[in-house]
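Visitor: Here's a structure for you.
The values are calculated or read from the model by the stated rules, or taken from the named source; none is laboratory data. All values derive from a computational prediction rather than experimental measurement. Positions of Cβ are generated from backbone atoms using ideal geometry, with glycine treated the same way; all protein chains shown enter the neighbour counts. Keep in mind that these areas ignore ligands, DNA and RNA; they rest on the heavy atoms of the full protein, side chains included. Shrake-Rupley method; radii C 1.70, N 1.55, O 1.52, S 1.80 Å.
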Amino acid sequence: MTTPATDSNPVDTLRARLREGQQLLHEEYDRLGSPARLLRGRTRLVDGILDELWQQSGLPADACLAAVGGYGRGELYPYSDVDILILLAEEADSALGETIHRFISMLWDIGLDIGHSVRTVQACVEEADGDVTVQTNLLESRRLAGDAGLYRQFVARTKANFNPETFFQAKRAEQEQRYNRFNQTPYSVEPNCKESPGGLRDLQGIIWISLAAGLGHRWADLARHGLITPDEVSTLKRCERFLQHVRIRLHFISRRREDRLIFDHQEALAKTFGIKATKARRASEVMMQRYYLNAKKITQLNTILLQNLGARYLPLEGFVPRALNEHFQVIGDQLDIVDEHVFERHPGAILESFLLMQQHAELKGMTVRTLRALWHGRKLIGANFRRDPANRHTFLQLLQEPRGQTHEFRRMNQYSILGTYIPAFAKIVGQMQHDLFHVYTVDQHILQVLRNVRRLIVEEHAHEYPLMSRLISEFERPWLIFVAALFHDIAKGRGGDHSTLGMVDARRFCRQHGLTREDEDLVVWLVQHHLTMSQIAQKQDLADPDVIHNFASLVQNERRLTALYILTHSDIRGTSPKVWNGWKAKLLEELFLATRQLLRGNTPDQILGVSERQEVTRQKLRFFGLRPGTEDAFWNELDTLYFLRHDADEITWHTRMLYYRPRTEQPVVKARVNQGNTGIQAMVYLRDQPDLFLRMCGYFSRMGYSIADAKIHTTGHGFALDSFVLIDPTESNNYRDMVALIEHGLAEKLLAQGSLDVPSGGRISRQLKHFPITPSISLQPDERGQHFILSIVAADRPGLLFSVAQTLAEHDIRLHMAKIVTLGERAEDTFLISSPKLDNTAKTVQLEASLLERMKI
């Protein structure tokens, strides 16, 4: 490690020295397991190399080299950037600029990832003025080489221009912005161990504020100033050490600067910690739960420290306490316990504290001593506490209050109160979901769903989902949907059907808390069927009268229907931003409105018979100015199945476009934007031809659109009349601009009858590489015995629908309808097909084998 550089080839020598030193540090870390030794060791290694190069650089004696950022702090992770500041006595001329350029180039040539800046002292002062990022970088600077006097001048000038209170406010705002980038939660399934809430940045931010305030740079310094307790110091050190291990090992595993716990690395990371899989969970899941619990402690202590540091600038002692009741008082805008032993004397006050936060909008938080008492008070919540009628009443009040559920249930979970009061909830705290569409742990998903339901009630958000907001405003006792939200996924990870198992927990809770039988039945029914409405809306034909009738029979009344619609809507939106889209919203709304009409004794379009549907369509055609009988020639070529599969609006559109050219020899392609800008509806009409559906699939895929719905029909005179719903996976929503392009481009493609547009395979996502989906197929006759329903589950990828359609064509299977459902990386598609071959067992087995082969990644 100490081989001196030679004059002949200093770069090669120093590069070898750096590589050898870093390898020795890696080996020492593997042997001793000390993150501090590695971080300090790499810092010293780089310090020595930079000092040696500086001496050889030819830079002027009145210049100075300083380490800033993490390097200045003395924490160089294996692949971290090396941030340096070159201080100059005056602005550089061209000759000095060239010397600096050669110096920096040599650092890169050696193998260091350099982040550098070149400034005069005055420039540093000016740049730091009002820029919290620059101030933070300079705060932990260290002189490495060069003019010590210039460095002292730099430190004095920057400190003189520093306002600790302004810095504190800026860092707190910066943290809030960072939290917002990560959706205010450390519990995403691929967190960033540096930047996510509960990551290293939460700890570094506290130290920066402490340094700015002159309180020191160690946790022990903060304890000496009474900002944290000795026990909290020990906890912080353990949490910091764990995160240091995580980040160091991520760098070694990925061989680069990687701070995200992505799926690619989670199993390998678990292995480095010696974590093994259990019967129920992968090693990565065990490790990630440990990470989430660590992040939870950090966010708790970060909150306490920020409040204590903030109190230096706005001391609570300056406020006269205002009594709320015998247990609590208000100091400033904080809820405070009257003394440290309140919860020990009156354990029920634990739940009462959250209720008071809901009832008093002027309260912005809890005092540090209250938060500490809550954390310790969680141990007071046992069986006797849960059986106490007063506590059960208070918990129901938390659900029933007109405001505050989102924040207070998150706070209850943060301080482990929610999991100790509902033990079943504790089991899913920090539990990952490897279903490729949930991006949060189970507990965070549940709280996100609760937040989504609550948001529908808030007037200022009514513009987001107007129908949902109106429905919940008219719903009696909407807090029952909160209860269903709390329990809908609470049984995940136990094995078996989580909906069925969750019913048991939900019923127990309802009975223990004295809900009426009617309310209990509603909550339990919602938990049981929380997936049903989504499955029907996305996988079944909503133009089929039987689908609407069967769903209406299941829900039985409008109250159940409305509650299930609200819960389903909130549940899907709480999984991942990628899962929810306007098309799914439209399907749910269509199913809801049709079922509500039926339950009210009316006749929705979806359950009209053929003659009634035709009559409604005729009325619509008259509205557009078509004379009676105009439609007859075109309709005579359409069979009963066409009128059953399309609603009156679609039939009206088709008729208006085609009534005057029922036997055209030119392809007719028409497109329009779906209501609510939820996609494009495309219609294709031409004389039937081989591989027609394949051609259209290939074209739409090349255009970047996904087919969400397809209805395939052949008229009595041999024409194909196919309709599609297309959505843009990127959600750019420029659908209106694409209508003319699709009409012109697809018509030309069909007229030319050239080669097929075979979609490219595309790249397989990281998630699918590590959590593959085993393709599965179900082929069953429909209830009428006229068609077969083909259901597939597979890993979603570009060209999947094309592969399925190609396989069906090769086996002479006729496709009548396709319902395409994408849940993150998972495709669950349903096809209505027919063929005499499907009555032959051997042919059916061949078809299924071919499909499975095509669906493999």
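Visitor: Quick one: putting +1 on the C-beta of Lys and Arg, -1 on the C-beta of Asp and Glu, what dipole do you get for the chain around its Cα centre, in Debye to the nearest 20? Each step should come with its number before you reach the end.
Guide: On the way: 105 positive and 105 negative charges, 400 e Å.
For this selection, approximately 1920 debye.
Visitor: Around Ala708, which amide H atoms from residues at least 5 apart in sequence, or from another chain, sit under 5 Å from its own amide H, with H modelled in the peptide plane?
Guide: Result for Ala708 returns Val725, Leu726, Ile727.
Visitor: List the aspartates and glutamates whose Cα sits under 12 Å from the Cα of Lys819, skipping any in the same chain fewer than 8 residues away.
Guide: Answer for Lys819, where 12 Å is the Cα cut-off: Asp541, Asp709, Glu828, Asp829, listed by chain and number.
Visitor: Hey, what do the phi angles of the stretch 458-473 turn into as Karplus ³J(HN,Hα) couplings, whole Hz, using 6.51/-1.76/1.60 and θ = phi - 60°, x for Gly and Pro?
Guide: Working through the residues one at a time gives 6, 4, 5, 9, 5, 6, 5, 9, x, 4, 4, 5, 5, 5, 6, 5 Hz.
Visitor: Something else about it: If the cut-off is a Cα-Cα distance under 23 Å, which lysines reach Lys159, setting aside same-chain residues fewer than 8 apart in sequence?
Guide: Straight-distance partners of Lys159: Lys171.
Visitor: Over the chain, with every protein chain in place, what whole percent of the accessible area is carbon and sulfur at 1.4 Å, could you tell me?
Guide: 49
Visitor: Quick one: Karplus J couplings for the stretch 628-643, per residue in order, coefficients 6.51, -1.76, 1.60, θ = phi - 60°, nearest Hz, x for Gly and Pro?
Guide: Per-residue couplings from phi come out as x, x, 4, 7, 4, 4, 6, 5, 5, 8, 9, 9, 4, 4, 4, 5 Hz.
Visitor: Further question: Using only Cα atoms, find the angle between the long axis of helix 692-702 and the longest principal axis of the chain, and express it within 0 to 90 degrees, rounded to the nearest 10.
Guide: It is inclined by approximately 20 degrees.
Visitor: Can you tell me the orientation of helix 94-110 relative to the chain, as the angle in degrees between its alpha-carbon axis and the longest Cα principal axis, to the nearest 10?
Guide: Rounded to the nearest ten degrees, it is 70.
Visitor: I've got another one for you. Modelling each spin label as a point 7 Å along the Cα-to-Cβ direction, I'd like the Arg238/Trp108 distance in nm, to one decimal.
Guide: 4.6
Visitor: Another one. Sum up the charges of everything whose Cβ sits under 15 Å from the Cβ of Phe624, counting Lys and Arg as +1 and Asp and Glu as -1, but leave Phe624 out.
Guide: +4
Visitor: Compare the Cα positions of Leu694, Tyr705, Leu138 along the charge dipole of the chain (+1 at Cβ of Lys, Arg; -1 at Cβ of Asp, Glu; about the Cα centre) and return the one farthest towards the positive end.
Guide: Checking the options against the dipole of the chain, the answer is Leu138.
Visitor: A follow-up question, please. Once you place label points 7 Å from the Cα toward the Cβ at Arg322 and Leu756, how far apart are they in nm?
Guide: In this crude label model, Arg322 to Leu756 measures out at 7.4 nm.
Visitor: May I pose another question? Add +1 for every Lys or Arg and -1 for every Asp or Glu among the other residues with Cβ under 10 Å from the Cβ of Arg369, and state the total.
Guide: After counting each charged neighbour, the total is -2.
Visitor: Suppose every Lys and Arg Cβ carries +1 and every Asp and Glu Cβ carries -1, with no other charges. What dipole size does the stretch 815-857 come out with about its Cα centre, to the nearest 20 debye? Kindly include the intermediate steps, with their values, before the conclusion.
Guide: On the way: 6 positive and 6 negative charges, 19 e Å.
Dipole of the stretch 815-857, to the nearest 20 debye: 100 debye.
Visitor: Next question, about the same structure. Counting alpha carbon pairs within less than 8 Å and at least 6 residues apart, what relative contact order, in whole percent, applies to the chain?
Guide: 7
Visitor: Calculate the spin-label point distance for Thr664 paired with Asp782, positioning each point 7 Å from the Cα along the beta-carbon direction, and give it in nanometres.
Guide: The two pseudo-label positions are separated by 2.8 nm.
Visitor: With every protein chain present, what is the per residue accessible area of the stretch 802-857 (1.4 Å probe, Å²)?
Guide: Details: 2440 Å² over 56 residues.
Ligands and nucleic acids excluded, the result is 44 Å² per residue.
Visitor: Run the dipole for the stretch 204-274 about the Cα centre, Lys and Arg Cβ at +1, Asp and Glu Cβ at -1, nothing else charged, and hand back the magnitude in debye, nearest 20.
Guide: Using Cβ point charges on Lys, Arg, Asp and Glu, the stretch 204-274 gives about 280 debye.
Visitor: Using the Karplus curve 6.51 cos²θ - 1.76 cosθ + 1.60 with θ = phi - 60°, what ³J(HN,Hα) values do you get for each residue of the stretch 270-281, in whole Hz, with x for Gly and Pro?
Guide: The phi angles translate into 4, 4, 5, 8, x, 7, 10, 5, 9, 5, 9, 9 Hz.
Visitor: What is the local net charge at Ile337, summed over the other residues whose Cβ is closer than 13 Å to its Cβ (Lys, Arg +1; Asp, Glu -1)?
Guide: Around Ile337, the surrounding residues sum to -3.
Visitor: Further question: Quote the accessible area belonging to Glu825 in square angstrom, nearest 10, computed with a 1.4 Å probe and with ligands, DNA and RNA left uncounted.
Guide: 40
Visitor: Compute the angle between helix 368-377 and the longest alpha-carbon principal axis of the chain, please, reported from 0 to 90 degrees and rounded to the nearest 10.
Guide: 60
Visitor: Hey, got a sec? Which trypsin sites (Lys or Arg not before Pro) in the stretch 621-671 land in a DSSP loop and have at most 15 other Cβ atoms within 10 Å?
Guide: Values: sites: Arg622, Arg645, Arg656, Arg663, Lys670; in loops: Arg663.
Answer in residue order: Arg663.
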